[in-house]
Amino acid sequence: MTLEKIIKDHHKYIDNNISDEDILNFIDKMNLKLFKVADLYCRRKFASLNVLYTSYDIDFEEFRTGFSKQIQNTFEGHLTEFIFMIYELKFLLKCTDFYETIDEPISDLKDINDEFIYIVEQLNLLKGLLDNKNEMILQLSSILNRVFQICKIQNIGIKTHLRLNLLYNNYYL
């Protein structure tokens, strides 16, 4: 089964007329999540992956316990949730192309604190694009690329965190 087929099948379960209010509320939730990410960064609450790699033959319940203690309520844990929220909003907007280029260099990348502010500004600009869902999707892709570039510069293995989050939530099982 292709990714396109899965997405099209899932679109059948979403109300074709998602309200603008629902979208605005979701963007507000994304802003709150980003503020949480920024707060955890400022408080230097970072994930510790080494606890998860203590054994090659790890018990799933031990993994879940380690994940919840060492990753879930950290900068990387909440950043991962923010990334999933971007994908979720794109899905709600009926985006069918999830194969984005997330490694495009950004020439005007700022320091990480300024980037958080910039991303909040970009999220709020989405609110003015309610009549143009395709432009919203492009803007979300741009935000996503920016987040991945921040992770690259900060040396955050965000793809590993995304996979671990999926595993924790039983999406691989």
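Before moving on, here are some points about what is shown:
- Flag: L162 matches the condition of being modelled with pLDDT of 85 or more and surrounded by 14 or more Cβ atoms within 10 Å (Cβ to Cβ).
- Options E121, E115; residue that is assigned to a helix (DSSP H, G or I) and either crowded, with 18+ Cβ neighbours inside 10 Å or small (G, A, S) (or both): E115
- Looking only at region 37-60, residues that are surrounded by fewer than 11 Cβ atoms within 10 Å (Cβ to Cβ) and at pLDDT 80 or above come to 2 in all.
- Residue match in region 71-81 (condition: part of a loop (DSSP other than H, G, I, E, B), farther than 25 Å from I156 by Cβ and modelled with pLDDT under 90): no
To keep it simple, each residue is scored yes or no on (1) under 13 Å from the mean Cα position of the chain (by Cα); (2) at pLDDT 85 or above; (3) surrounded by fewer than 18 Cβ atoms within 10 Å (Cβ to Cβ).
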position	(1), (2), (3)
T101	no, no, yes
K110	no, no, yes
L125	no, yes, yes
L130	no, yes, yes
I143	yes, yes, no
I156	no, yes, no
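The values are calculated or read from the model by the stated rules, or taken from the named source; none is laboratory data. Source: prediction; values computed, not measured. With ideal geometry, Cβ positions are generated from the backbone for all residues, glycine too; neighbour counts draw on all protein chains shown.
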